[in-house]
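As structure tokens, the structure follows; a few thoughts come after it.
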Amino acid sequence: EAGVAQSPRYKIIEKRQSVAFWCNPISGHATLYWYQQILGQGPKLLIQFQNNGVVDDSQLPKDRFSAERLKGVDSTLKIQPAKLEDSAVYLCASGPLVGGNTEAFFGQGTRLTVV
Amino acid sequence: GENVEQHPSTLSVQEGDSAVIKCTYSDSASNYFPWYKQELGKRPQLIIDIRSNVGEKKDQRIAVTLNKTAKHFSLHITETQPEDSAVYFCAASSPPVIRFGAGTRLTVKP
């Protein structure tokens, strides 16, 4: 089966600029996650969708980050304005909804560098 | 919410030796514990998982144990090989959220 698709793979922007990332999950997966992975650290959940509803966005810096999942399929994550500390790999993952627990299948990620 | 602690942060072993990575979690409602392997520049990939109704699970050279009372679980890799070198992440799922540990960088020296 096709995997989780993310674009772009790399992005370099200046601080205070805006940036958007796109994710296409595996077909049929109800759950979609956005993670931030700073170099040398574990993935940190930013937001989790179940279909097109938000399950958890408690760690999303809502003053600058936003995400949407229209029609319960593709999702976009936006940062506006970006800060230097936003430099990280942004991983999208999706998973089937099976018995309340879900394995996460990860995309390749978008490496963001804020200069 | 769930909080997952992982130790050690780095681990270096000789080829053929065993490696053990330990994690603790805080939310007693967590009932699914996956382990992911992330090679340099690649995406995390699931290598093994365990559910709370099971105490141990094994898949060839990899095994995971779970102690629900103590809220800790461990990954055991036996007969390590250089290709096992990667960053390993534990995670705990308190449905429907998954939280990851900070990761362990395993280096297997030939």
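Annotations for the structure displayed:
- Spacing of the two label points (7 Å from each Cα toward its C-beta) at A:ALA5 and B:THR10, in nm: 4.0 nm
- Carbon plus sulfur fraction of accessible area for segment A:30-101, probe 1.4 Å, in percent: 54 percent
- Gained length - B:LYS58 relative to B:THR107, 0.36 nm times residue gap less alpha-carbon distance: 15.5 nm
- Over chain B: Rg over Rh, Cα atoms, Kirkwood Rh: 0.96
- Under the Karplus curve 6.51 cos²θ - 1.76 cosθ + 1.60, θ = phi - 60°, whole-Hz ³J(HN,Hα) for segment B:8-15, x wherever Gly or Pro sits: x, 7, 9, 8, 10, 10, 8, 3
- Net charge in the neighbourhood of A:TYR35 (other residues with Cβ under 11 Å of its Cβ; Lys, Arg +1, Asp, Glu -1) is +3.
- Calculated FRET efficiency for the pair A:LYS44/B:ASN67, C-beta based, R₀ 30 Å, to 0.05: 0.70
- Note on A:ALA20/B:LYS42: beta-carbon distance plugged into 1/(1 + (r/R0)^6) with R0 of 22 Å gives a FRET efficiency of 0.40.
- Most fluctuating residue given options B:PRO95, B:PRO44, B:PRO82, as computed from a GNM of chain B linking Cα atoms under 10 Å: B:PRO95
- Probe 1.4 Å - accessible area at A:GLU103, Å² to nearest ten: 50 Å²
- Paramagnetic label zone (point 7 Å from Cα along Cα-to-C-beta, A:ARG64; backbone N under 13 Å) in segment A:80-94: A:80-88
- Computed with a 1.4 angstrom probe on protein heavy atoms, the A-B interface buries about 1700 square angstrom of accessible area in total.
- Highest mean first, the peptides B:98-108, A:37-47, A:8-18, B:11-21 sorted by other C-beta atoms within 10 Å per residue fall in the order B:98-108, A:37-47, B:11-21, A:8-18.
- Mean projection area, nm², convex hull over Cα of the protein assembly as shown: 12.3 nm²
- Here chain A is treated as a sphere whose radius is the Kirkwood value from Cα pairs; by Stokes-Einstein at 4 °C and 1.567 mPa s it diffuses with a coefficient of 92 µm²/s.
- Calculated from backbone phi, Karplus (6.51, -1.76, 1.60) coupling profile of segment A:39-44 in Hz, x at Gly/Pro: 3, x, 10, x, x, 10
- Span from the segment B:9-55 Cα centroid across to the segment A:48-85 one, whole angstrom: 27 Å
- In Hz, Karplus ³J(HN,Hα) per residue of segment B:18-26 (6.51, -1.76, 1.60; θ = phi - 60°; x = Gly, Pro): 9, 10, 10, 10, 10, 9, 10, 10, 10
- The residues of chain B expose, per residue, 49 Å² of accessible area to a 1.4 Å probe.
The values are calculated or read from the model by the stated rules, or taken from the named source; none is laboratory data. If you're wondering where the values come from, they're calculated on a predicted model, not measured in any experiment. Neighbour counts run over all protein chains shown; Cβ positions are idealised from the backbone, glycine included. Side chains are part of the model used for accessible areas, which takes the heavy atoms of the whole protein and leaves out ligands, DNA and RNA. Shrake-Rupley method; radii C 1.70, N 1.55, O 1.52, S 1.80 Å.
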